[in-house]
Amino acid sequence: MIDAPQHAGLASVLDYSSEQSLEPGALVRVPLGRREVAGIVWRGLAARRDSGVTLRGVTEVLEAITPLGPRWMALVEFAASYYQRAIGEVALAALPAELRRLSAAQLAARVRRAQRAPESGPKAVAPDIALAPEAVATVRPLLTDEQTRALAAIDEAAQQPHAAPLLLHGVTGSGKTEVYLQASERALARGRQVLMLVPEINLTPQLLARVAQRFPARRVVAMHSALTPAQRLQSWLVAHAGMADIVLGTRLAVFASLPRLGLVVVDEEHDASYKQQEGARYSARDLAIYRGHLEHVPVVLGSATPSLETWQHARSGRYRRLALDQRIAGATLPRVQLFDMGTLPRAPGQALPALAPPVLDALRERVAAGQQCLVFLNRRGYAPVLHCPDCGWKSDCPHCSAWRVFHKFDRTLRCHHCGLSEPVPRACPSCGNLDIQPIGRGTEKLAEQLAAELPQARIARLDADAARGRGALEQTLGAMHAGEVDILVGTQMVTKGHDFRRITLVVAVNPDSALFSSDFRAGERQFALLMQAAGRAGRDAAQASNSRMWVQTWHPQHALFAALRRHDYALFAERLLGERQAAGLPPFAHLALLRADARDAAIAGRFLREAATLAATLQEADGVIVYPPVPLPIARVADVERMQMVAESASRARLQRFLAAWTPHLQALRAQSKGLARWAIDVDPLAI
Ligand code: ADP
Ligand code: ZN
Ligand code: ZN
């Protein structure tokens, strides 16, 4: 088994000869063309001796590494078949890059190094993490009744071979993480390993610290893409050897080789970053569920705002719901107030202020009282577009169907899709007018305006631009925790998982665009985001009763806000599920996307139409609807036109049968499609 992607048109199972008898799961290096590549001896492939072909020999066996286990191989096989990729591609992509690069001798040295005992404590996990000292509890607190019941249910699941997955549904600050920690403690006591998945490790360095401090005598390793190749290899080796007790990682960690796995936790299970958007487009959350089933270990999905897929499973009884309805220590959720932007007096020709007067007053009050505020606007940069009032020129990107965003701090126009960045022109490129103007507002402008309105406040900004520099993110989070920041302005980055203790006011500046999006999941995502944002306020019980969230909206009557005001996830979920059922959308239907990219939209469109024609000839297409091709919402990126086509079925199994029959035809079709840049199947797509 070698890494030969299906799309390359080469089957990934190749035969090689070896003098030694090789165990399934063994890692080898083999020749492929003129190259030498890493491979895995796959199981179930009978030795073929007398085929008459001379096989090339295995170059070397990576003997320092014990063979990968049968359950790991079964997980890879499932992922490959479910997401329509080659086994070799999925298997090799699941291994650290260094493992594929190094020779047997080099690897043996790395294995020896990894086996040496690590320095103890959190330093062994990640060197530069921002800590909130007051939030790190080394001793374990006495659980609340709700937590005790949840822990007991996880214990019970650990005793059964086929327990239902568990949904730990708890409002923000209700003590979910504490439940993960104590469930982990019990799994460790049983001699097992724990896999803890988180959406974005860099945004929650606290969790890493909390885990490491809770288990000072255990080996905790991190697995995510921000590690160096050497660190990633080390984490992988330690996990594979069974020496890591806890693996804390992002979606790629779902494939970690863990011979003693005893518990899987998926924190913030609704988060979109669990879905891989390249190559095998897997959902780490869904694979975690499958892995738990394969390995007979409990899987705990935690969220304050579960995905509707998970919620529907909990409603139907396929998952067991464990509720944490109360915040710890009687803390309450913030009171949500809506500001109707339609009531702002508007002078003709004048732009509306970024923040409504009562919202500004609230910010001013909190800052004066020494409390912290969070201002959330999901758009980075200074202004989303520049325009010329004389001739109507706009700062569009020459390579994408999108505007270039004005970034004031370095005076650039940047395309957030292809990355093109140029200095802002002094004058309108089309008519020479010197007075070109920004339209709209991003976080950079908002922070600037806030600084002008509240000169006494210490304001920091957190978004993909501000977090780009090395250590910048940690520094901002650290300053926030240390109370050196009064107002933190940012994109959705600020809403995720942080346990900021002193925030008493959260402001959502413009959450309306998602209300009318063409993506059927936009409302679900926006609601989750706002609930998360609300959850940043009042985490300290002493301050909680006085905490607020202000939402500035043009649509205060929208049902989303009614549910938000009541912090009622279930109410909104029921409503959305009703709509989805009526419209025949997930989770009541199952979708796959066929994507095609080409310089010329006609080529991408033709590939998809021919694919649809092929689909119609397949017997397996029974019960599957293939919709006509459409361009993506942003059709052109980096001069590539992107089209897609939806296949839908009420039955997951039928859709799977259909995809399995369709994919080989698509490979053949691709070979005939001149000018097609790439194609891909996305099973259970998140964005449509
Ligand atoms: P969540 O993960 O649901 O946001 P956490 O587990 O982070 O909640 O808990 C919120 C805060 O309450 C944390 O500071 C945590 O240490 C504390 N905490 C959790 N459970 C308890 C408990 N049973 N008793 C006291 N404090 C607790
Ligand atoms: Zn002009
Ligand atoms: Zn662009």
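Here, each number is a calculation from the coordinates, and none is a lab measurement. Nothing here was measured: the structure is a model prediction, and the numbers come from that model. Positions of Cβ are backbone-derived with ideal geometry, glycine not excepted, and every protein chain shown enters the neighbour counts.
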*Estimated distance in nm for a label pair at PHE409 and THR332, the labels positioned 7 Å out from Cα along Cα-to-Cβ*: 3.8 nm
*Sorted by packing (mean other beta-carbon atoms within 10 Å per residue), highest first, where do 246-252, 71-77, 608-614 land?*
246-252, 71-77, 608-614
*For region 510-662, state what percent of all Cα-Cα pairs lands in each successive 10 Å bin, counting from 0 Å until the bin that includes the largest distance.*
10, 27, 26, 21, 12, 4, 0
*Would you mind putting 215-223, 343-351 in packing order, based on average other-beta-carbon counts within 10 Å, highest first?*
215-223, 343-351
_Per-residue ³J(HN,Hα) for region 394-406, Karplus 6.51 cos²θ - 1.76 cosθ + 1.60, θ = phi - 60°, Hz, x for Gly and Pro_ = 10, 7, 7, 8, x, 10, 9, 8, 7, 7, 8, 8, 7
*Please list the radius of gyration and Dmax for region 360-409, considering alpha-carbon atoms only, with Å as the unit.*
17.2, 49
*Stretched out fully, how many nm does the piece from ALA64 to LEU434 gain, at 0.36 nm a residue minus the Cα gap?*
126.5 nm
*Of ALA582, TYR569, ALA604, farthest towards positive along the dipole that unit charges on Lys, Arg, Asp, Glu beta carbons give region 546-634*: TYR569
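When only C-alpha pairs under 8 Å and at least 6 residues apart count, what is the relative contact order of region 146-218, in percent? Could the numbers behind the result be given before it?
Details: 23 pairs, mean separation 18.6, N = 73.
Value for region 146-218: 25 percent.
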*For region 502-616, what relative contact order do you get, as a whole percent, if you take Cα pairs closer than 8 Å and at least 6 residues apart?*
24 percent
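Once you charge only the Cβ atoms, +1 for Lys and Arg and -1 for Asp and Glu, what is the size of the charge dipole of the chain about its Cα centre, to the nearest 20 debye? Please report the intermediate quantities before stating the final value.
Values: 80 positive and 65 negative charges, 138 e Å.
My answer is approximately 660 debye.
Can I get the semi-axes of region 358-489's equivalent ellipsoid? Compute them from the C-alpha gyration tensor as square roots of 5 times the eigenvalues, in angstrom, largest first. Don't skip to the answer; put the middle values down first.
Numbers: eigenvalues 202, 62, 22 Å².
For region 358-489, the ellipsoid semi-axes come out as 32, 18, 11 Å.
Kirkwood Rh, Cα Rg: Rg to Rh for region 296-404? Numbers along the way, then the final one.
On the way: Rg = 22.7 Å, Rh = 20.2 Å.
Rg/Rh for region 296-404 comes to 1.13.
What Kirkwood radius, in Å to one decimal, follows from the Cα pairs of region 200-343?
Numbers: mean 1/r = 0.0576 Å⁻¹.
Radius from the Kirkwood sum: 17.4 Å.
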*DSSP beta bridge pairing in the chain, given as percent antiparallel to the nearest 5*: 45 percent
_Along principal axes, Cα extents of region 597-665, largest first, whole Å_ = 36, 20, 17
*How many nm separate the modelled label positions at ASP600 and ARG149, each set 7 Å beyond the Cα in the direction of the Cβ?*
6.4 nm
*Hey, how many Å between the Cα centroid of region 168-220 and the Cα centroid of region 319-387?*
31 Å
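Taking the highest mean first, how do the peptides 324-334, 451-461 order by number of other beta carbon atoms within 10 angstrom per residue? Present the calculation step by step, with values, prior to reporting the outcome.
On the way: 324-334: 17.5, 451-461: 15.0.
Result, highest mean Cβ count within 10 Å first: 324-334, 451-461.
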_Shape parameters for the chain, alpha-carbon atoms, Rg then Dmax in Å_ = 26.6, 88
*If you place +1 on the Cβ of every Lys and Arg and -1 on the Cβ of every Asp and Glu, how big does the dipole about the Cα centre of region 155-277 come out, in debye to the nearest 20?*
400 debye
*For LYS394, which aspartates and glutamates qualify as cross-link partners when the Cα separation must be under 16 Å and same-chain residues fewer than eight apart are set aside?*
GLU422, ASP435
*For region 453-522, compute Rh as the Kirkwood radius over C-alpha pairs and then the Stokes-Einstein diffusion coefficient at 25 °C and 0.890 mPa s; write the answer in µm²/s, rounded to an integer.*
178 µm²/s
_Residues whose placed amide H lies under 5 Å from that of PHE339, excluding near-sequence neighbours_ = VAL551, GLN552, THR553
*Extending each Cα 7 Å along its Cβ direction at ARG346 and ALA241, get the distance between those two points in nm, one decimal.*
6.6 nm
_Relative intensity, log₁₀ I(q)/I(0), of region 189-284 from a Debye sum that treats every alpha carbon as a point, q = 0.10, 0.22 Å⁻¹_ = -0.24, -1.20
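Let me spell out the model: positive unit charges on the Cβ of Lys and Arg, negative unit charges on the Cβ of Asp and Glu, origin at the Cα centre of region 503-608. What dipole size does that give, in debye rounded to 20? Don't skip to the answer; put the middle values down first.
Values: 12 positive and 9 negative charges, 23 e Å.
With only Lys, Arg, Asp and Glu charged at Cβ, the dipole is about 100 debye.
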*Binned at 10 Å from 0, what are the whole-percent values of the Cα-Cα distance distribution for region 264-337, short to long?*
17, 42, 29, 11, 2
*Relative to the present Cα-Cα distance, how much length would full extension add between ALA562 and ARG35 at 0.36 nm per residue of separation?*
183.6 nm
*Compare the Cα positions of TYR290, ALA226, PRO306 along the charge dipole of the chain (+1 at Cβ of Lys, Arg; -1 at Cβ of Asp, Glu; about the Cα centre) and return the one farthest towards the positive end.*
ALA226
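Using helices alone, what [θ] at 222 nm do you get for the chain, with -39,500 (n - 2.57) per DSSP H run of 4 or more residues, divided over all residues and rounded to the nearest 500?
On the way: 19 runs with 220 residues, N = 688.
My calculation for the chain gives -10000 deg cm²/dmol from helical runs alone.
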_Whole-angstrom gap from region 506-522 to region 621-676, using each part's C-alpha centre_ = 28 Å
*Taking Cα pairs under 8 Å and at least six residues apart, what relative contact order does the chain come out at, in percent?*
12 percent
_Run the reach check for LYS674 against aspartates and glutamates, Cα to Cα strictly under 15 Å, same-chain hits fewer than 8 apart removed. What comes back?_
ASP597, ASP600, GLU610, GLU641
